[in-house]
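The values are calculated or read from the model by the stated rules, or taken from the named source; none is laboratory data. Computed from a predicted structure; not experimentally measured. Reconstructed Cβ throughout: ideal geometry from the backbone, glycine too, with neighbour counts over all protein chains shown. Just the protein is used for accessible areas: all its heavy atoms, side chains included, with ligands, DNA and RNA removed. Shrake-Rupley method; radii C 1.70, N 1.55, O 1.52, S 1.80 Å.
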Amino acid sequence: MSTSERRRQTEEPPRPPSGEGRLPGRKAELELIDSLLAGLGQGSSGLLLHGEPGVGKTALLDAAAARATALGMRVLRAAGVQSETRIPYSALHQLLYPVRHDVDRLDGHHRDALHQVFDLTRPPAPEPLVSTAVLALLELTTAERGLLMITDDVAWFDEASAAVVGFVVRRIADAPIVFLAASRTGTEDLFRRSGLPERKVESLDTGGAGAVLDAHAPGLAPAVRRRLLAEADGNPLALRELPAALTDRQLSGQDPLPDRLPLSRRLAATCAGLLAELP
């Protein structure tokens, strides 16, 4: 390796991997995520992804986590859980649990506040104190390397956690932290108050949908493939799950498809959740 090559390797930060990888049709979203990771600490704090159930928001978060890890960044991650929405700081507990051992390095009042967060059986500390304690903890965490914070299903975050995370996000633009959030369209109001830029994750185009279907169900009969593409309408979850509910003879075209395609358990659960919200 030449002297100039060694100098460039030392001076230039590593770049995120490029390309769509295993997410066909998501080149634009992945490039946006890569630009955020590459601009760490340069005034762009993060992004809110929103879209319909099954459209692939979590897959994009998974890709972001893999890209950040490849860059040597630390990744902290939490996903909202409906059954925990009434437990104060339950989502924050999940998000910060991997760095809980750093809490004892904080000043007394911040240390005590976060110990109360991690001990969910005790009365929680006041929100403003927890918020400033989290900022102090993140300052310690990012002292040696950058950080990616990921929050999924933010509609199911408890209110205390959502308030603290929103407080933090509004103050990390110049820190070596990237924050990514994801929520179903129409349920992201808590994080809209944080001022994050938003990106709607749309259904896949024809080419992307075909690539997903072919990867999960290769060798389909042409008529079956056309029917599944039409029924899924570009939704990645449906493209993966609809073939799984059919028999081998149906997939190969030996047996006719039913008028109404059967749903896998996962797809049925997703549809049931949407139906429950209808008037």
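This table checks each residue for (1) part of a loop (DSSP other than H, G, I, E, B); (2) open to solvent by less than 30 Å² (accessible area, probe 1.4 Å).
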| position | (1), (2) |
| --- | --- |
| 31 | no, no |
| 55 | yes, yes |
| 64 | no, yes |
| 75 | no, no |
| 124 | yes, no |
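Would you pick out the residues in region 77-104 that are outside any helix (DSSP H, G or I) and more than 12 Å from the chain's Cα centre (by Cα)? Give the steps one after another, and end with the answer.
Step one: filter region 77-104 for residues outside any helix (DSSP H, G or I), giving 77-81, 85-89.
81, 85, 86, 87, 88, 89, listed by residue number.
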request  = From 24, 16, grab the single residue that is closer than 15 Å to residue 180 by Cβ, over 16 Å from the mean Cα position of the chain (by Cα), at pLDDT below 95 and surrounded by fewer than 22 Cβ atoms within 10 Å (Cβ to Cβ).
outcome  = 16
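Of the residues 158, 205, which is modelled with pLDDT of 90 or more, crowded, with 19+ Cβ neighbours inside 10 Å and within 26 Å of the chain's Cα centre (by Cα)?
Values: 205 fails: crowded, with 19+ Cβ neighbours inside 10 Å.
Among 158, 205, only 158 is modelled with pLDDT of 90 or more, crowded, with 19+ Cβ neighbours inside 10 Å and within 26 Å of the chain's Cα centre (by Cα).
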note = How many residues of region 59-82 are over 19 Å from residue 98 (Cβ atoms) and either β-branched (Val, Ile, Thr) or out of contact with any Asp or Glu (no Cβ under 6 Å at 6 or more places or on another chain) (or both)? The answer is 3
inquiry  = Name the residue that is farthest from residue 144 (Cα to Cα), counting only residues in region 38-53 that are aliphatic (A, V, I, L, M) and surrounded by 22 or more Cβ atoms within 10 Å (Cβ to Cβ).
reply    = 49
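Being assigned to a loop (DSSP other than H, G, I, E, B), over 16 Å from residue 234 (Cα atoms) and modelled with pLDDT of 65 or more is the requirement here; does residue 41 meet it?
Values: assigned to a loop (DSSP other than H, G, I, E, B): yes; over 16 Å from residue 234 (Cα atoms): yes; modelled with pLDDT of 65 or more: yes.
Taking the combined requirement at face value, the residue satisfies it.
Quick check on my filter: what residues within region 202-216 are assigned to a helix (DSSP H, G or I) and among the aliphatic types (A, V, I, L, M)? Steps first, answer last, please.
Initially, region 202-216 is screened for residues assigned to a helix (DSSP H, G or I), giving 206-216.
If the condition is that a residue be assigned to a helix (DSSP H, G or I) and among the aliphatic types (A, V, I, L, M), then 209, 211, 212, 213, 215 are the ones that fit.
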query = Residue check: is residue 182 within 30 Å of residue 45 (Cα to Cα), part of a strand (DSSP E or B) and either modelled with pLDDT under 95 or open to solvent by less than 20 Å² (accessible area, probe 1.4 Å) (or both)?
reply = yes
Selection within region 256-273 - modelled with pLDDT under 85, open to solvent by less than 70 Å² (accessible area, probe 1.4 Å) and of a type outside the set (Ser, Thr, Tyr) = 267, 268, 269, 271, 272, 273
ask   = Does region 149-157 contain any residue that is over 22 Å from residue 74 (Cβ atoms), part of a helix (DSSP H, G or I) and either among the polar types (S, T, N, Q) or in contact with a strand residue (DSSP E or B) (Cβ under 9 Å, 6 or more places away or on another chain) (or both)?
value = yes
ask   = Just checking, how many residues over region 77-119 are closer than 18 Å to residue 147 by Cα, open to solvent by 70 Å² or more (accessible area, probe 1.4 Å) and touching a helix residue (DSSP H, G or I) at 6+ places or on another chain (Cβ under 7 Å)?
value = 2
message = Being open to solvent by 70 Å² or more (accessible area, probe 1.4 Å) and either polar (S, T, N, Q) or part of a loop (DSSP other than H, G, I, E, B) (or both) narrows it down to one residue among 219, 253, 234; which is it?
response = 219
